[in-house]
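Just so you know, all these numbers are worked out from the coordinates, no wet-lab data involved. On a predicted model such as this, the values are computed, not experimentally measured, just so you know. A quick note on method: Cβ atoms are made from the backbone with ideal geometry, for glycine too, and the neighbour counts reach across all protein chains shown.
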Amino acid sequence: MKKIIALTMALAMAALVFGCASAPKATTGVEDGVLTVAMECAYAPYNWTQADDSNGAVPIKDSNEFANGYDVMMAKKLADANGWKLEVVRLDWDSLIPAVQTGQIDAVIAGQSMTPERMEQVDFAGPYLYATIVCLTLKTSSFATAKGISDLSGGTCTSQLGTIWYDTCLPQITGAKIQPAAETAPAMLMALETGTVDFVCTDMPTAQGALAAYPDMVLLDFAGSGNDFTVADSDVNIGISVKKGNTTLKDALNKVLSTMTADDFNATMAEAIAVQPIG
């Protein structure tokens, strides 16, 4: 009987040891010392593509081009603080979340709002920026003197596909003639510049960047008017998405972000706007 008990205990211990040894170890994606981030590289001033490494731009993986912008600047700060190398991958907007979900990349740093819908798909570090909602129109437009969203009634408008600007904000304008969403932020701005729409809805950084590139545009900021868009904090808090459950990477990013203030974020955004390509 003692031999049977001893054998049973030995088998149990072996199973425990074997089970612990074979349990898969959670991965963060940066075990190789490289932080791989994705962005559109077409969403100034958050991110854009350029031909050289001027102003601190970094190479875009599998291309001869370079990425720069607020997202790149912030990614460099995060990578440097953790002793990682930085790798930038260029993806379409709709491909960003699937890429982080499948582990193709470590994180998305691309001006994403931290919405509840996205939080069901990914985890977020941040915010790494707070971006209020505004509109843009042409200086020659009858809407250029609008004091609130009700003054935009009857106008044709659009915004970027898959954003709260298009899905949440534009429908709040009574009587607005909402056109199909633009695939990208540049396409949205071109729709306004060419007169295809009367105004567009976007966030403050995108609008500020647009004013630098399109001097014939004017920014409509209705904050404090009592006649503004109604949005949740999650709609204007811009975060960094990582794979669900990747708390190690999320915590490492948050540790760095916690040392920065909103003024720090805004100062870096101002740097990005100052060096963004014009036109």
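A few comments on the model shown:
- Only lysine pairs 8 or more places apart, or on different chains, with alpha-carbon atoms under 16 angstrom apart are counted in the chain, and they number 11.
- Using the Cβ-Cβ distance between Ala51 and Thr174 with R0 set to 45 Å, the FRET efficiency from 1/(1 + (r/R0)^6) comes to roughly 0.50.
- Summary of packing: across the peptides 39-52, 245-258, the per-residue average of other C-beta atoms within 10 Å ranks them, highest first, as 39-52, 245-258.
- Cα-centred dipole magnitude for the chain, charges only on beta-carbon of K, R (+1) and D, E (-1), debye, nearest 20: 1180
- With helices as the sole contributors, the chain gives -10000 deg cm²/dmol at 222 nm; each DSSP H run of n ≥ 4 counts as -39500 (n - 2.57), and the sum is divided by every residue.
- The P(r) of the stretch 133-222 has a tail past 16 Å containing 43 percent of all C-alpha pairs.
- Averaging Cα coordinates gives a centre for the stretch 41-114 and one for the stretch 168-217; these two points are 24 Å apart.
- Highest average packing first - 106-116, 261-271, Cβ atoms within 10 Å: 106-116, 261-271
- Peptides 191-200, 128-137 ordered by average Cβ neighbours within 10 Å, highest first: 128-137, 191-200
- Among the listed values (1) 118; (2) 163; (3) 225, the one computed from these coordinates for volume of the Cα convex hull per residue in Å³ is (2).
- Degrees between helix 70-82 axis and first principal axis of the chain (Cα, 0 to 90, nearest 10): 30
- Projecting the Cα atoms of Ala99, Val58, Ile238 onto the charge dipole of the chain (Cβ charges, centred on the Cα centre) puts Ala99 farthest toward the positive pole.
- Calculated FRET efficiency for the pair Lys85/Leu219, C-beta based, R₀ 41 Å, to 0.05: 0.65
- Taking the Cα centre of the stretch 125-264 as reference, the dipole from Cβ charges on Lys and Arg (+1) and Asp and Glu (-1) amounts to some 300 debye.
- By the Stokes-Einstein formula, at 0.692 mPa s and 37 °C, the stretch 38-190 with its Kirkwood radius over alpha-carbon pairs has D equal to 191 µm²/s.
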